[in-house]
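Q: Dropping a structure here in structure tokens format, bear with me for questions.
Bear in mind these aren't lab numbers, they're just calculated from the coordinates by the rules spelled out. A quick note: this is a predicted structure, and the numbers were derived from the prediction, not measured. Cβ sites come from the backbone with ideal geometry, for glycine too, and all protein chains shown count toward neighbours.
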Amino acid sequence: MATASPAPSGPQPSLTFTRPVFAKLSPHPYLLRTLSPDSPDQQPTRNNGRAPHQSRPIQINTSSLSQAHGSSLVRTGDTTVICGVRGELLPVTAIPQFRPHNGTLYDQDEGDEARARKELKDYDLLVPNIELATGCAPQFLPGVPPTTLAQTVSTRVFSLLHGAGVVDGRGLRVWFTPESKKEAGDMEVEGEEEREEQKPQVVAYWVLYIDLLFVSFDGNPFDAAWAAVLAALKDTKLPMARWDPDREMVICRKGQDTRLNVRGLPVACSAAVFLEKEHGEVGRGERNRHWILLDPDRSEEELCKEVVTVVVDCSDGGETRVRSIEKQGGTVIGRELIRGFVGVAEGRWREVKEAMGN
Amino acid sequence: MADRRRINGPPGATMAPVFEDDAGQPEIKNGKGRDRAPNVIRKTFLKTGVTPSASGSAYLEFEGSSKSGVSGLKLSCTVHGPRSLPRSSPFSPHIVLSAHVKYAPFATKQRRGYLRDPSERDLGTHLETALRGAIIADRWPKSGVDIIISIIEGDQDRETSKSQGDETWDMMNVLSGCITVASAALADAGIDCVDTVAGGVAALVQDAGEDSTPRIVVDPIPSDHEKVLGACCVAYLPTRDEVTNLWFKGDLPAADAGLYTQLVENGIQASRTANRVLVECLGEATS
């Protein structure tokens, strides 16, 4: 270590610190120095060695868990998150506000799609939850209720799942076509009603429990969590389910799994804004310089207040669609910057698409 | 009152899917039984340093059974500390251990909730006892260390759909994995221990077939056997030849005291094998 090496001759400063020690002691000035190098031919870098607009490479593995219906493991730098999707059945009798709809099994029109989307939301069929209290970072220890961050990320994933319409709700319905009972005496009397009954009806829904577990946490939880959710949903295969009228319950069959229909590939891309003056104490006529740090890690997140997240989807014929823009904590990012940032997000989209391998 | 800090899903109760072949007929244990020799444990993968922000961490994976659908055990462990105790806590002349074991919601056949259930607390207590014997606790007065284990995947047979009371036996395997992985994480965190402690399980099992007599195997997978009569999980320090925790469950004839000792002996044997993996892993990490 540098502290314990006395110089052979002459008085030397007795105390020298290594770079990580400085970064820990006074993180803000240290990051400021590395971002604004003295000579112009030096590239500004962050503490972690990345350029400001460089994100961490992403790795995605799927189907590694056998108990869940779909699963994924996403690793970006030192952030590792595991996602497991598990389907459970919800009979319509257990839904208090259930309204039978008059669609049929073979409806493929737009109206049915919209209806399915409404069902997803009304009946609460998607249940994402994020668990941070796994000791994934020193501030997240178990035994306490979910932290604000865990609640926020859960809610953001929840609203983006519904907002972006990723899951096709039609795949979550379980249909049943009642058989006509051929009983001799009642044939004529109830003939009219029986034809009515033979229409297929929805008897149950699949509820998708989407559970995310952070194994290791190093900043930018939302991007990693969202990528994990998406990869796990794409990996999800639900067993074939049918209604058994005798036992009055839904029975599944093994070996006939259908893949969940997941539309689009929205990818989240976050960045934090690092200010020269930490608390914004700028004099008159002075400008507070700022840097936009893509994919911030844990130490950078602590120094930055303003965060922007853009969710883009370029899978629709090369045309970029912005699914969501979220920004909080400051005033630096305006219209122009967000427009430019969408371009950065497109680059991230291509990286994630490649990592997903489809 | 539902937990408002989590997303709870629909108010009505949801059911795990029920498959048609479990209807009524007795459960048939499919496939062949155990394909390892009775004194061989499953292949183990152990790696330290999976969570860089923690003081120490480790990941452990047991190989799944050769039968399809049986998952191996996957555990992730983080250690935070030693750090100072909060001001409110009373003086302690030695390090205060707290062990926390939690199943992930997707780890087992039945979806687990986010709140710890009694079996998880039980595992935590046993783990704490096992580690307390290994740590040199007097070196850190007034400090505490947190050991947190997430069970990413428990080993359970996915194909046998009915629960056969296997959970109680599964807990033994889980505990032995927890002990080994926690020991690796403690070493990774640089907390002084007298020795590396590792867990081992031995069980008295009865195989399918009329004329099979009960036999002792190490590291059992309950679904491989017709019936598990008794099992014991041992946490063992090899160089000191000490057992720090012994957990025995089951129904053994009291007349045969030798059987009981034999079971413990086999547990120690399994623990020795696990310890070799542990030492090799730590050696790789330091070199």
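Q: Size of the dipole of segment B:183-251 about the Cα centre, Lys and Arg at +1 and Asp and Glu at -1 on the beta carbon, nothing else charged, in debye to 20? Walk me through the numbers on the way to the answer.
A: Numbers: 4 positive and 12 negative charges, 31 e Å.
So the dipole magnitude of segment B:183-251 works out to roughly 140 debye.
Q: If you count, for each residue, the other Cβ atoms within 10 Å and average over each peptide, how do B:192-199, A:250-257, B:45-52 line up from highest to lowest? Intermediate results must be reported in sequence, preceding the final value.
A: Values: B:192-199: 21.8, A:250-257: 14.8, B:45-52: 19.2.
Ranking, from highest mean packing down: B:192-199, B:45-52, A:250-257.
Q: Right, another one. Which whole number gives the average count of other chain Cβ atoms within 10 Å of the Cβ atoms across peptide B:107-114? Each step should come with its number before you reach the end.
A: Values: counts 6, 1, 2, 1, 7, 1, 0, 6.
That average works out to 3.
Q: Can you list residues whose amide H is under 5 Å from residue A:218's amide H, if they're 5+ apart or on another chain and H is modeled 1.01 Å from N?
A: When sequence neighbours closer than 5 places are left aside, the close amide H contacts are A:79, A:80.
Q: Let me ask something else about it. Over the C-alpha atoms of segment A:267-356, what are the Rg and the largest Cα-to-Cα span, Dmax, in Å?
A: Calculated on Cα positions, Rg and Dmax stand at 14.7, 49 Å.
Q: On the first, second and third principal axes, largest extent first, how far apart are the outermost C-alpha atoms of chain A in Å?
A: 115, 44, 35
Q: For A:207-219, what's the mean count of beta carbons from other chains sitting within 10 Å of each residue's beta carbon?
A: 5
Q: Among the listed pairs B:43/B:227; A:237/B:109; A:277/A:305, give every one whose C-alpha distance is greater than 20 Å. Kindly include the intermediate steps, with their values, before the conclusion.
A: Details: B:43/B:227 23 Å; A:237/B:109 16 Å; A:277/A:305 12 Å.
Distance filter (> 20 Å) returns B:43/B:227.
Q: What's the longest uninterrupted piece of chain A once you rule out the GluC sites (Glu not before Pro) that are loop residues per DSSP with at most 12 other Cβ within 10 Å? If you can, show how the numbers build up before the last one.
A: Values: sites that count: A:179, A:183, A:248, A:281, A:286.
Counting only loop sites that pass the neighbour cut-off, the longest clear stretch is A:1-178.
Q: With θ taken as phi - 60° and the coefficients 6.51, -1.76 and 1.60, list the Karplus ³J(HN,Hα) couplings across segment A:37-54 in order, rounded to whole Hz; mark glycine and proline as x.
A: Listing the rounded values in order: x, 5, 8, x, 7, 8, 7, x, 10, 9, 4, 8, x, 8, 6, x, 9, 10 Hz.
Q: Here is a follow-up. Scan around residue B:230 for amide H atoms under 5 Å from its own, H built in the peptide plane at 1.01 Å from N, and keep only partners 5 or more places away or cross-chain.
A: Result for residue B:230 returns B:204, B:251.
Q: Let me know the volume per residue of the alpha-carbon convex hull for the protein assembly as shown, in Å³.
A: Convex hull of Cα atoms, per residue: 229 Å³.
Q: Over the residues of segment B:155-287, compute the C-alpha Rg and express it relative to 2.2 N^0.38 Å.
A: Numbers: Rg = 16.1 Å, N = 133, 2.2 N^0.38 = 14.1 Å.
Normalised Cα radius of gyration, segment B:155-287: 1.14.
Q: Taking the Cα centre of segment A:20-135 as the origin and placing charges on Cβ (Lys, Arg +1; Asp, Glu -1), which of A:129, A:81, A:68 is farthest toward the positive end of the dipole?
A: A:81
Q: Shifting gears a bit: At a threshold of 8 angstrom on Cα-Cα distance, excluding pairs fewer than six apart, so keeping six or more, what relative contact order does chain B reach in percent? Provide the component values of the computation, followed by the final result.
A: On the way: 597 pairs, mean separation 57.8, N = 287.
So the answer I get is 20 percent.
Q: Could you work out the Kirkwood radius for segment B:37-286, taking every pair of different alpha carbons, averaging 1/r and inverting it, reported in Å?
A: Values: mean 1/r = 0.0542 Å⁻¹.
Result for segment B:37-286 stands at 18.4 Å.
Q: I've got another one for you. Which value, in debye to the nearest 20, gives the size of the charge dipole of chain A about its Cα centre, when Lys and Arg are +1 and Asp and Glu are -1 at the Cβ?
A: 1580 debye
Q: Just how large is the dipole of chain B about the Cα centre, in debye to the nearest 20, putting +1 at every Lys and Arg Cβ and -1 at every Asp and Glu Cβ? Working shown, then result.
A: Values: 31 positive and 37 negative charges, 241 e Å.
About 1160 debye.
Q: Counting only helical runs of four or more DSSP H residues, what would the 222 nm mean residue ellipticity of the protein assembly as shown come to if each run contributes -39,500 (n - 2.57) and the total is spread over all its residues? Walk me through the numbers before you get to the answer.
A: Working: 11 runs with 167 residues, N = 645.
Per the formula, -8500 deg cm²/dmol.
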